[in-house]
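Structure incoming, see below.
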Amino acid sequence: MDQVAIVTGASKGLGAAIARRLARQGLTVVASARSQEQLQSLAQEYPSQIFPFTCDVTKSEQVQSLIQFTIEKCGKIDVLINNAGLGRFAPIHELDESDWDEMMDVNLKGTFLACKYAIPYLKQTEGHIINISSVAGMVAFPNGGGYCASKFGLMGFSEALTLELKSHHVNVSTLCPGSIKTEFNNPKDWAMEPEQVAETVWLIISAPKNVIINQVVMRPQVPKEFQKK
Ligand SMILES: NC(=O)c1ccc[n+]([C@@H]2O[C@H](COP(=O)([O-])OP(=O)(O)OC[C@H]3O[C@@H](n4cnc5c(N)ncnc54)[C@H](OP(=O)(O)O)[C@@H]3O)[C@@H](O)[C@H]2O)c1
């Protein structure tokens, strides 16, 4: 079998675009998220290549089942793409505690859990982890305190993981996109298409094995009249 990839948060938006891009390239993809129906309709587009698996990344036993399903169905894991994520935006004194917890649980803990349970298999294939962070993981902005904290945290996590897994030849890459046209957060007209970001994911995966693409930052070109002076 060719390469096997797990994509979290694949029911829509960037994750669905990544799953399609990898399937088009011939990879077998286990597409996971909580929305079963959306995953099933995605899988119908590539019935022999995309396998849906319902999984809430914040639940340890569900993440373990996702990894187990992938091994039973496909025999190995070459690529893990930690894409599931959400943002809630408000000044810190108005941000609900439940929104804070959800961002930390999905954006950070979900990635930790998927890595924790996939790493033993990724070591066997000398595989690749791609963590979808954000420009908000490098540059903070008002009303983004919770989201930025989760994505800055993800950057530190990815950096430590890069060093931990280097000797096992498991590459870790972090992709930091700016605004993308998804349901995530009322995107502007000039936001990037999810397919453009998915293309970059493919470029990262297909880089020569001896090259570690550590971090990639992608920003949309903002029309001149809207650029901050
Ligand atoms: N859109 C942007 O402007 C932008 C910019 C930079 C970075 N990003 C990052 O890109 C990633 C994808 O975002 P998007 O723009 O594609 O957003 P989206 O369209 O809202 O999709 C988010 C995905 O995450 C999944 N998800 C949320 N909570 C989950 C959970 N507990 N368990 C499993 N899956 C969960 C959702 O699936 P279910 O609801 O079905 O579970 C959905 O598939 C995120 O990490 C986001 O932070 C987005």
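Return yes or no: is Glu159 within 12 Å of the ligand (Cβ to nearest atom) and within 18 Å of the chain's Cα centre (by Cα)?
No.
State all residues of the stretch 210-229 that are surrounded by 10 or more Cβ atoms within 10 Å (Cβ to Cβ) and not aliphatic (A, V, I, L, M); if no residue qualifies, say none.
Matches in the stretch 210-229: Asn214, Gln215, Arg219, Pro220, Pro223.
State yes or no: is Asp78 at pLDDT 95 or above and in contact with a Gly (Cβ under 8 Å, 6 or more places away or on another chain)?
Criteria met by Asp78.
Please go through the stretch 12-37 and give me each residue that is within 6 Å of the ligand (Cβ to nearest atom) and either within 17 Å of Val201 (Cα to Cα) or part of a helix (DSSP H, G or I) (or both), ordered by number.
Residues satisfying the conditions are Lys12, Gly13, Leu14, Gly15.
Take the residues in the stretch 148-202 that are of a type in the set (Phe, Trp, Tyr) and more than 26 Å from Ile119 (Cα to Cα); name whichever of them is surrounded by the fewest Cβ atoms within 10 Å (Cβ to Cβ).
Trp190
Being at pLDDT 95 or above, under 19 Å from Ala10 (Cα atoms) and of a type in the set (Lys, Arg) is the requirement here; does Lys116 meet it?
no
Can you find a residue in the stretch 113-136 that is surrounded by fewer than 19 Cβ atoms within 10 Å (Cβ to Cβ) and closer than 29 Å to Ala191 by Cβ?
Within the stretch 113-136, one or more residues are surrounded by fewer than 19 Cβ atoms within 10 Å (Cβ to Cβ) and closer than 29 Å to Ala191 by Cβ.
Do any residues in the stretch 181-204 that are near the ligand (Cβ under 7 Å from one of its atoms) have Cβ atoms under 6 Å from those of residues that are among the charged types (D, E, K, R), where the two are at least six apart or on different chains, and which pairs are they?
The qualifying pairs are Pro187/Lys181; Ala191/Lys181.
Listed residues Gly178, Gly153; which is touching a Leu at 6+ places or on another chain (Cβ under 8 Å) and either among the hydrophobic types (A, V, I, L, M, F, W, C) or closer than 26 Å to Asp99 by Cβ (or both)?
Gly153
What residue, of Ile6, Ile92, is among the β-branched types (Val, Ile, Thr), surrounded by fewer than 16 Cβ atoms within 10 Å (Cβ to Cβ) and in contact (Cβ under 8 Å) with a residue 24 or more places away in the chain?
Ile92
Report, by residue number, each residue of the stretch 68-124 that is in a helix (DSSP H, G or I), among the β-branched types (Val, Ile, Thr) and either under 18 Å from Gly144 (Cβ atoms) or away from the ligand (no atom under 14 Å from the Cβ) (or both).
Thr70, Ile71, Ile92, Val106, Ile119
Take the residues in the stretch 38-59 that are surrounded by fewer than 17 Cβ atoms within 10 Å (Cβ to Cβ) and small (Gly, Ala, Ser), then tell me which one is farthest from the ligand (Cβ to nearest atom).
Ser48
The values are calculated or read from the model by the stated rules, or taken from the named source; none is laboratory data. Given the structure is predicted, the values throughout are model-derived calculations rather than measurements. FYI the Cβ positions are ideal-geometry reconstructions off the backbone, even for glycines, and counts take in every protein chain you see.
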